[in-house]
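Taking it in order: structure first as structure tokens, then the write-up.
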Amino acid sequence: MDDIANALGISKKTIYVHFENKTKLIEAATFSVLDDVCKGIDCISDSSINPIEELYEIKKYAMIYLKNEQSSPQHQLKKYYPQIYQRLQVKQFEKMQATVQESIQKGIDTGLFRSTIDVDFISRMYFNGMSGIRDGHIFPQDQFTIEYLMESYLEYHLRAITTDTGLSVLKKFINHQLQPNDI
């Protein structure tokens, strides 16, 4: 709290006028960042060309927040503020579940994803997979970068649910990403 007060050029008393204690400050900051991330995801979803590119854009956006996972705020929350971390996990799941369900439904409606898939089940599997790839015991950081894991898992997920048309779109998108940028 001293560091925060010094950085802001205010007294600790001023901070405590707005926040009962450090935990309340951490909680407010955590859910403020989550709200900002959710707004960014909503923006991507609203402006996406198709659900395949949408999921890649959301992945790219999420990578900003997942760099250096061991020193990330989520890792610190889990270690020092487990109750806030648990609430954050619930909110992240709710947001991701809704976003992915909507994206999958768009994919089905546009013929990019198979119409026979169970949207609720697949969206939960996607969340579980994205959470699972961040487990350092299963995917040690010295063997796998978070970028590699997210990219690989997203392609794996999309290949499992696409139609032939969707697979064609996915392949074109991946090939386009691999091409050097035109200057």
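The values are calculated or read from the model by the stated rules, or taken from the named source; none is laboratory data. Since this is a predicted model, take the numbers as computed values, not measurements. Positions of Cβ are generated from backbone atoms using ideal geometry, with glycine treated the same way; all protein chains shown enter the neighbour counts. Just so you know, the surface numbers come from the protein's heavy atoms only, side chains and all, with ligands and any DNA or RNA stripped out. Shrake-Rupley method; radii C 1.70, N 1.55, O 1.52, S 1.80 Å.
Here are the numbers for the structure shown:
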| quantity | calculated |
| --- | --- |
| Residue among I104, I108 that is over 22 Å from K60 (Cβ atoms), open to solvent by less than 60 Å² (accessible area, probe 1.4 Å) and touching a Ser or Thr at 6+ places or on another chain (Cβ under 8 Å) | I108 |
| Condition met for S115 (more than 30 Å from D142 (Cβ to Cβ), open to solvent by 90 Å² or more (accessible area, probe 1.4 Å), modelled with pLDDT of 95 or more and of a type in the set (G, A, S)) | yes |
| Residues of the stretch 142-178 classified as of a type in the set (D, E) and in contact (Cβ under 8 Å) with a residue 60 or more places away in the chain, total | 2 |
| Verdict on E57 being acidic (D, E), under 30 Å from T163 (Cα atoms), in contact with a helix residue (DSSP H, G or I) (Cβ under 7 Å, 6 or more places away or on another chain) and open to solvent by 50 Å² or more (accessible area, probe 1.4 Å) | yes |
| Helices (runs of 4 or more DSSP H) (entirely within the stretch 1-100) containing at least 1 residues that are under 16 Å from the mean Cα position of the chain (by Cα) | 22-47, 51-66, 73-80 |
| Top-ranked residue in the stretch 28-51 [being open to solvent by 40 Å² or more (accessible area, probe 1.4 Å) and closer than 18 Å to Q89 by Cβ; ranked as modelled with the lowest pLDDT] | V33 |
| Pairs where the first residue, in the stretch 128-141, is open to solvent by less than 40 Å² (accessible area, probe 1.4 Å) and the second is among the aliphatic types (A, V, I, L, M) and not in a loop (DSSP other than H, G, I, E, B), C-beta under 6 Å, 6+ apart | I133/L149 |
